[in-house]
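Below: the structure, in structure tokens.
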Amino acid sequence: MRNFYESICQTERFEQILKKVRGNKALEEIVTALYARKEHGDLNNNGVIRMVEGYFTELAFVYAELYRVCKQGAMVAFVNDNVRFGGEVIPVDFLSCSFAEQFGFTVKTIYTLRQQKGNSSQQMARFGRVALRKSITIWIKKS
């Protein structure tokens, strides 16, 4: 992504977005919890932490660019499935809202869908079944 932003002469914008991603306390808490799960032997794939960090970093760039191109009063909706790795539940909906707010959106509402997403059989065998939310988040660009 850095190369792309450099190619469009937006290196400073890239750095500003990346700084917000790295300063997001919710993401930091999730990554710390995943490292603790790794140390405890709960993660069956050591690439999960890098994948989670990369996924949310890329999403944050999407959210930042959406904010940039939306007109005042625009609303954005996202469908989110929360996930679980090594027994650690990652609230994708809440973390996405946290990033959206960092970039200037106001969270209008979060709808929780009735469908309760299940867990993988590997997760349930080791950590039990935990119902995971599926949500629709609605954000508005007020200014």
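The values are calculated or read from the model by the stated rules, or taken from the named source; none is laboratory data. A quick note: this is a predicted structure, and the numbers were derived from the prediction, not measured. Counting neighbours? That spans all protein chains shown, and the Cβs are built from the backbone with ideal geometry, glycine included. To get the accessible areas, we keep the full protein, side chains included, count just its heavy atoms, and leave off ligands, DNA and RNA. Shrake-Rupley method; radii C 1.70, N 1.55, O 1.52, S 1.80 Å.
Determine which member of the set 8, 17 is farther than 20 Å from residue 137 by Cα and crowded, with 17+ Cβ neighbours inside 10 Å.
None of the others qualify; the one that does is 17.
Take the residues in region 33-48 that are under 20 Å from residue 93 (Cβ atoms) and not small (Gly, Ala, Ser); name whichever of them is surrounded by the fewest Cβ atoms within 10 Å (Cβ to Cβ).
Top of the filtered list is 48.
Yes or no: residue 104 assigned to a loop (DSSP other than H, G, I, E, B), within 22 Å of residue 141 (Cα to Cα), free of Cβ contacts under 8 Å to residues at least 60 places away in the same chain and open to solvent by less than 90 Å² (accessible area, probe 1.4 Å)?
Here the answer is yes, as residue 104 does meet what is asked.
Are any of the residues in region 125-143 surrounded by fewer than 17 Cβ atoms within 10 Å (Cβ to Cβ), modelled with pLDDT under 95, of a type in the set (D, E, K, R) and within 26 Å of residue 12 (Cα to Cα)?
Scanning region 125-143, I find at least one residue that is surrounded by fewer than 17 Cβ atoms within 10 Å (Cβ to Cβ), modelled with pLDDT under 95, of a type in the set (D, E, K, R) and within 26 Å of residue 12 (Cα to Cα), so the answer is yes.
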